[in-house]
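> Before I ask anything, let me first share the structure, which is written out below as structure tokens.
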Amino acid sequence: MADAKTAAKDYKAAVATLEPLYASVSQTPGPSSTRAFVARAFAESLRAAGDGARAIKVLEDTRRENPDDLDLAVSVAAEYEHAGQFDQAERTLRGVLAAHPDEGAALNALGYMLANRNQKLDEAAALVTHALAAEADNPAYLDSLGWIYVKQRKYAEALGPLERAAAAMARDSVVLDHLGEVYFLQKRYREAADAWTRALDGDRVTIDAAAITKKRDRARELAK
């Protein structure tokens, strides 16, 4: 039901649907995979509804009861990042990696966050490469590595990972936006326009549709 409300962009209704469920599964202290699962869904709904501070609190409260749940720790870091608390997000991810240096999701999350902030790009590439050593075909990791290469202006190296990621995540608008960027930077304007058109036809999660439309139209002009 909450997923249906979210799909309809009725985020407050999704929060109202999940709140009593979260309260119920939180009554018993101690580790609980069910509580962790519900907490992540509840936090996503809270953030979408504009209450990022409470989303972080829900995840931190749940994390204290589930200290060994690494996916939950990565989710906490993501909420800090969404809230613009980048230092706290980085500390959280580095804390995970200090104890679990091969944790792929944390390696990828930290590398991608650093790339988005255009910081420590060599380290970011090393982190995601480490994650790919265990999951060579993970499309999210491939997208991250390609995007880091774009930030490093290594466009030839970026193309392969981004094309593989886009083939595996054909409706992921962010991945398709990244692919459009590398095509555009290589002056492959027709392919850039096509990638951005597919991004606009995709899931549109966390993209600026107006900005992508502007880039797509510019690529079309240059392709004439």
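The values are calculated or read from the model by the stated rules, or taken from the named source; none is laboratory data. Everything numeric in this text was worked out from a predicted model, so none of it was measured. Quick reminder, even Gly has a Cβ in these numbers, built from the backbone with ideal geometry, and neighbours come from all protein chains shown.
> Among the residues that make up region 150-157, is at least one of them assigned by TED's automatic domain parsing to the domain that holds Q119, on the phi < 0 side of the Ramachandran plot and acidic (D, E)? Outline the logic, then answer.
Taking region 150-157 and keeping what is assigned by TED's automatic domain parsing to the domain that holds Q119, we get 150-157.
This time we only want the ones that are on the phi < 0 side of the Ramachandran plot, so: 150-152, 154-157.
Checking the rest, the ones that are also acidic (D, E) come to 157.
Taking every residue of region 150-157 in turn, at least one turns out to be assigned by TED's automatic domain parsing to the domain that holds Q119, on the phi < 0 side of the Ramachandran plot and acidic (D, E).
> Turning to a different aspect of this structure: Against the definition (more than 21 Å from the chain's Cα centre (by Cα), part of a helix (DSSP H, G or I), within 26 Å of V205 (Cα to Cα) and not aliphatic (A, V, I, L, M)), how does T17 come out, yes or no?
On the way: more than 21 Å from the chain's Cα centre (by Cα): yes; part of a helix (DSSP H, G or I): yes; within 26 Å of V205 (Cα to Cα): yes; not aliphatic (A, V, I, L, M): yes.
Yes.
> Moving to a separate point now. Within the set of pairs 6+ apart or on separate chains, which have a first residue in region 29-46 that is in the same structural domain as A73 (by TED's automatic domain parsing) and outside any helix (DSSP H, G or I), a second that is surrounded by 17 or more Cβ atoms within 10 Å (Cβ to Cβ) and polar (S, T, N, Q), and C-beta atoms under 6 Å apart?
So the pair list comes out as P31/N66.
> Taking region 169-202 as the search range and keeping residues that are acidic (D, E) and surrounded by 14 or more Cβ atoms within 10 Å (Cβ to Cβ), which one is nearest to A8 (Cα to Cα)? Give the derivation first.
Within region 169-202, the first condition is being acidic (D, E), and the residues that meet it are 172, 177, 181, 191, 194, 201.
When the remaining residues are screened for being surrounded by 14 or more Cβ atoms within 10 Å (Cβ to Cβ), the result is 172, 177, 181, 191, 194.
On the way: D172: 18, D177: 24, E181: 30, E191: 32, D194: 27 Å.
By that ranking, first place goes to D172.
> May I ask you to verify whether P67 is more than 22 Å from T206 (Cα to Cα), at pLDDT below 95 and surrounded by fewer than 21 Cβ atoms within 10 Å (Cβ to Cβ)?
Working: more than 22 Å from T206 (Cα to Cα): yes; at pLDDT below 95: yes; surrounded by fewer than 21 Cβ atoms within 10 Å (Cβ to Cβ): yes.
Judged against the criteria, P67 is a match.
> If L200 satisfies every condition in (1) touching a residue at least 24 places away in the same chain (Cβ under 8 Å); (2) touching a His at 6+ places or on another chain (Cβ under 9 Å); (3) not aromatic (F, W, Y) but one, which is the exception?
(2)
> Which one of these does E90 not meet: (1) exposed (fewer than 14 other Cβ atoms within 10 Å of the Cβ); (2) touching a helix residue (DSSP H, G or I) at 6+ places or on another chain (Cβ under 8 Å)?
Status for E90: all satisfied but (1).
> Taking the criterion of being in a loop (DSSP other than H, G, I, E, B) and closer than 15 Å to L142 by Cα, would at least one residue in region 193-216 satisfy it?
Here is the first cut: in region 193-216, the residues in a loop (DSSP other than H, G, I, E, B) are 202-208.
If we keep only those that are closer than 15 Å to L142 by Cα as well, we get none.
Checking region 193-216: not a single residue is in a loop (DSSP other than H, G, I, E, B) and closer than 15 Å to L142 by Cα.
> Please note which helices (runs of 4 or more DSSP H) are completely contained in region 67-175 and include at least 2 residues that are touching a strand residue (DSSP E or B) at 6+ places or on another chain (Cβ under 8 Å) and of a type in the set (K, R). It would help to see each step written out before you state the result.
Details: elements: 70-82, 86-99, 104-116, 121-134, 139-151, 155-168.
Counting at least 2 such residues, we get no helices (runs of 4 or more DSSP H) at all.
> Return the pairs, sorted by first residue and then second, in which the second residue is among the small types (G, A, S), the first residue lies in region 149-161 and is modelled with pLDDT of 95 or more, the beta carbons are less than 6 Å apart, and the residues are 6+ apart or on different chains.
Y149/A158; V150/A158; K151/A115; A158/G146; P161/G146
> Quick test of your reading of the structure: V205 fulfils all but one of (1) loosely packed, with under 14 Cβ neighbours inside 10 Å; (2) at pLDDT 95 or above; (3) touching a helix residue (DSSP H, G or I) at 6+ places or on another chain (Cβ under 9 Å). Name the failing condition by number.
Against the list (1) loosely packed, with under 14 Cβ neighbours inside 10 Å; (2) at pLDDT 95 or above; (3) touching a helix residue (DSSP H, G or I) at 6+ places or on another chain (Cβ under 9 Å), V205 comes up short only on (2).
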